[in-house]
Amino acid sequence: MHIFINSKSQKTLFTHHNTKAGVYGRLSVMQGTVCYFGFPDGNATEPDLELIIEAGSFGISPPLKWHRIELLTDDTWFNIDFFGHPPGRGHRKSG
């Protein structure tokens, strides 16, 4: 597990980016507060989702969702875990 501490966090987390197809990101806040901004696409400048994540809570970013985060407190500590299905597994067609 990698813990991000405000000034030592990767700069890409604070810029417009997305996750790969089939990959979910879970942002867990251990201390402080983070704001997650979700965007409808890669060109959007206005978020379609704002989620405040406080210490002891987490937020999920779905696959291919454009997003960025903002630290709302100077003492913020958080981590990000990624989850997904191996290709060809976990998705079934009904019928």
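Criterion first (at pLDDT below 95, of a type in the set (Asp, Glu) and part of a loop (DSSP other than H, G, I, E, B)) does Asp74 satisfy it? Write out each step before concluding.
Working: at pLDDT below 95: yes; of a type in the set (Asp, Glu): yes; part of a loop (DSSP other than H, G, I, E, B): yes.
Taking the combined requirement at face value, the residue satisfies it.
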Enumeration of residues in region 31-58 that are at positive phi and in contact (Cβ under 8 Å) with a residue 40 or more places away in the chain: Gly32
Enumeration of residues in region 20-64 that are part of a loop (DSSP other than H, G, I, E, B), more than 17 Å from Asp81 (Cα to Cα) and not aliphatic (A, V, I, L, M): Gly32, Pro40, Asp41, Gly42, Asn43, Thr45, Glu46, Pro47, Asp48
Residue satisfying all of: in region 40-71; closer than 15 Å to Thr12 by Cβ and among the hydrophobic types (A, V, I, L, M, F, W, C); farthest from the chain's Cα centre (by Cα) among these: Leu71
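Starting from residues that are among the β-branched types (Val, Ile, Thr) and at pLDDT below 90, keep the ones in region 1-60 and report whichever is surrounded by the most Cβ atoms within 10 Å (Cβ to Cβ).
To start, the set of residues in region 1-60 that are among the β-branched types (Val, Ile, Thr) comprises 3, 5, 12, 15, 19, 23, 29, 33-34, 45, 52-53, 60.
Now drop any that are not at pLDDT below 90, which leaves 3, 5, 12, 15, 19.
Numbers: Ile3: 13, Ile5: 14, Thr12: 9, Thr15: 10, Thr19: 18.
Only one residue fits best here, namely Thr19.
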Any chance His85 is closer than 19 Å to Thr19 by Cα and modelled with pLDDT under 95: yes
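The values are calculated or read from the model by the stated rules, or taken from the named source; none is laboratory data. Here the structure is a predicted model, which means the values were calculated and not measured. Neighbour counts are summed over all protein chains in view; Cβ atoms, including those assigned to glycine, are modelled from backbone coordinates with ideal geometry.
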